[in-house]
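Encoded as structure tokens, the structure appears first; notes follow it.
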Amino acid sequence: MDAELRKRRILLQGMAGMFATGIGMRAREASAANYPVRPITIVNPFSPGSVSDAAARITAQLLSDGLGQPVVVENRVGAGGLVAGKAVVRAHPDGYTLLLTASSSHSGVALYKDIPFDPVKDFTHIARIGSFPSFIAVNPSVPVNSITELVDYARKNPGKLTYGHGNNMGRIVGESFKRRTGVDIVRAGYRSSPAAVTDLIAGHIQMMLPDMNTGLSHVKAGKIKPLAVFTKTRSEQMPSVPTLDETVMPGFELLPWCGLSAPANLPAEIVATLAGVLEKRLNEPEIQATYLRAGVGPFWAGPEDFKSYVAEQQANWTALIKEAEIEPL
């Protein structure tokens with residue numbers, strides 16, 4: 001009798017579990033169908049004033065306009081974007097916590113020994129939305145007018161120049177520059193690019209690798225001097241400035257990028273909703289102009305293409321990190 005009773009209890013418990021699971025699934029489906037019903041947060045890996053912060057705030061406004069809910073930006077700075085990425089990975093995959101995904105945290109992970117997430121598998125990649133064109137700049141007091149002259153000057157003055165960077169991209173380019181040209185330049189890491197460019201203007205460092213958002217206005221004001229861009233094609237914003245590829249580093253190219261991601265297993269309906277809003281708005285000329293004014297090159301790629309791109313760029317950046325012989329932190 002006791003054995004029969006136990007069997008019945010087990011059967012009832014199983015049926016209750018199946019019933020609860022069914023209710024949970026239906027609740028999630030209803031939640032996805034009604035999404036969004038409350039404010040959304042975009043976690044940005046870098047500080048206010050950075051180019052990623054500008055991208056996050058423009059994107060937040062686009063989503064708010066398209067979804068009819070407030071979208072706020074939360075800055076979580078640290079470890080080249082790993083702090084922000086870890087926070088989002090741990091969030092519930094309901095579409096209310098998103099990540100302004102940046103190349104620093106997802107392409108440059110080989111710079112770290114302990115990585116708290118898999119850049120591809122631990123996220124739902126919603127859309128690639130832009131890039132951060134960047135360049136090498138020097139303080140006007142440095143007696144050079146071209147990237148070739150900088151290499152010559154650095155070779156004649158080993159250890160006397162210092163370059164600053166506020167993200168992983170800057171470190172990779174700086175160390176690759178040193179390795180490929182054979183120069184001895186001291187590295188100075190900063191928590192953000194705005195802080196580094198402030199020291200560049202003040203003359204505390206002689207060289208920096210800013211993005212357009214951080215550096216272009218200072219170029220126009222004559223406070224810093226641009227010498228080369230990182231892409232294989234010249235920048236529309238500084239067409240007279242040559243590329244590293246055509247000057248002292250043949251074949252070199254590095255383009256920092258950004259996108260929008262969420263925790264893994266975000267419901268497909270929510271992915272489609274978010275991607276749909278972004279695709280529509282990013283194709284509007286006035287929105288593209290808004291991104292460009294903030295130093296962000298607007299771009300559109302949907303979920304599958306973006307996921308593949310993240311994996312591809314992680315492999316490319318890892319190869320550059322190994323070539324430059326950068327030791328993981």
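Where a number appears in this text, it was derived from the coordinates with a stated rule and is not lab data. None of the values given here were measured: they were computed from a predicted structure. We place every Cβ from the backbone using ideal geometry, glycine too, and count neighbours over all the protein chains shown.
Key figures
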read-out: Normalised contact order of the stretch 135-229, rounded percent, pairs of Cα under 8 Å and 6 or more residues apart; value: 45
read-out: From phi via Karplus (6.51, -1.76, 1.60), per-residue ³J(HN,Hα) for the stretch 137-152 in Hz, x at Gly/Pro; value: 9, 10, 5, x, 6, 6, x, 9, 10, 8, 5, 5, 5, 5, 4, 4
read-out: Under Karplus coefficients 6.51, -1.76 and 1.60, residue-wise ³J(HN,Hα) of the stretch 84-100 in Hz, glycine/proline x; value: 5, x, 4, 4, 6, 4, 7, 6, 6, x, 10, x, 9, 10, 10, 10, 6
read-out: Among the listed pairs K156/K178; K160/K225; K86/K113; K113/K232; K86/K121; K178/K322, those beyond 23 Å (Cα-Cα); value: K113/K232
read-out: Protection-proxy order for peptides 178-184, 228-234, each taking the mean of Cβ atoms within 10 Å per residue, highest first; value: 228-234, 178-184
read-out: For F132, residues with placed amide H under 5 Å, excluding near neighbours; value: W257, G297
read-out: J(HN,Hα) series, the stretch 71-81, from Karplus relation 6.51 cos²θ - 1.76 cosθ + 1.60, nearest Hz, glycine and proline x; value: 10, 10, 10, 10, 8, 10, 8, x, 6, x, x
read-out: Virtual paramagnetic centre 7 Å along Cα→Cβ of N157, amide N under 18 Å, in the stretch 217-232; value: 223-228
read-out: Relative packing of peptides 248-259, 131-142 - highest average C-beta neighbours within 10 Å first; value: 131-142, 248-259
read-out: Kirkwood hydrodynamic radius of the stretch 135-229, Cα pairs, Å; value: 12.8
read-out: Value of relative contact order over the stretch 49-161, rounded to a whole percent, pairs C-alpha under 8 Å and six or more apart; value: 17
read-out: Stretch gain in nm, segment R191-T148, where the contour uses 0.36 nm per residue and the Cα spacing is subtracted; value: 12.6 nm
read-out: Peptides 284-295, 94-105 ordered by average Cβ neighbours within 10 Å, highest first; value: 94-105, 284-295
read-out: Under 12 Å, Cβ to Cβ, from R171 - net charge with Lys/Arg +1 and Asp/Glu -1; value: 0
read-out: Charge context of V73, other residues only, Cβ under 12 angstrom, K/R +1, D/E -1; value: 0
read-out: Residue of Q206, Q313, Q69 that the Gaussian network model of the chain assigns the largest fluctuation, springs spanning Cα pairs under 10 Å; value: Q69
read-out: Relative contact order (percent, whole number), the chain, Cα cutoff 8 Å, 6+ residue spacing; value: 26
read-out: 5 angstrom amide H check on T243, placed H, neighbours 5+ away; value: V229
read-out: Summed residue charge, Cβ within 13 Å of F46's Cβ, Lys/Arg positive, Asp/Glu negative; value: 0
